[in-house]
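Single-structure report; data block below.
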Amino acid sequence: MAITTDRPIQHKPLTFDEFNDRYGGNNRYELIDGEVFDLEPTGQHEEVAAFITAKVCVQIDRMQLPWFVLQRGLLCPTNIGMTAFRPDVAVVDRNALTHEPLWSGQSILTLGRSIKFVAEVVSSNWQNDYSRKLEDYAALGIPEYWIADYAGLGGTRHIGKPKQPTLSICTLVDGEYEIQQLRGDRAIVSPTFPELKLSAEQVLKASVC
């Protein structure tokens, strides 16, 4: 099974400005603690992300919300040094953009409150999705975070043993994520999109439908 193989590609830590100059316009790369990671998205990875995006866009339109899905852009939190995340799916609140100092000129978000929902499709470097991003997205106050592990790559402490494809729905409660793990035909319950009617299997097998 083909999977993404995101990995650090340089040894010298980069500042955000250095990263933005070199890689800011390329969706393959993100920066975590000064390390540049090449995300190398495969076809399966992109299909799962596109499926989530399509379903979320339908809900935004149906609920007539002033939100949109970020197509190209970076999340560079002001309280986290030398880091610029590039979420696979991020739902942005258009009304919050007036408080974003870099948005109009560079398509860069700095505030967690600008994002209502985020999803990551797990790649070979699953630690970033299950640990680092889980902690930072919670600290930023992002209400809902999905981890779509379509290939069952995460560590057993995250998805159990034997490892299998898992969709983790992380809901922010008192500053921390409560995590519900879904597999098979288990229905997704999304606090952000309460009318969403999907099963975990539909998301995780989006690349083979």
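General observations
- Cα-based convex hull volume of the chain per residue, rounded to whole Å³: 118 Å³
- A straight line joining the Cα centroids of the range 37-65 and the range 106-172 runs 14 Å.
- Taking each DSSP H run with n ≥ 4 as -39500 (n - 2.57) and averaging over every residue of the chain yields -6500 deg cm²/dmol at 222 nm.
- Calculated FRET value between PHE68 and GLN127, using beta carbons and R₀ = 35 Å, to 0.05: 0.75
- Karplus-derived HN-Hα couplings along the range 33-47 (A = 6.51, B = -1.76, C = 1.60, θ = phi - 60°), whole Hz, x at Gly and Pro: 6, x, 9, 8, 10, 8, 6, 6, x, 8, x, 4, 4, 5, 5
- Once the Cβ-Cβ distance of LEU97 and THR156 is raised to the sixth power relative to R0 = 45 Å, the FRET efficiency obtained is 0.65.
Readers should treat all values here as calculations from the given coordinates under stated rules, not as data from a laboratory. These figures come from a predicted structure and were not determined experimentally. Using ideal geometry, Cβ is built from the backbone for each residue, glycine included, and neighbour counts are taken over all protein chains shown.
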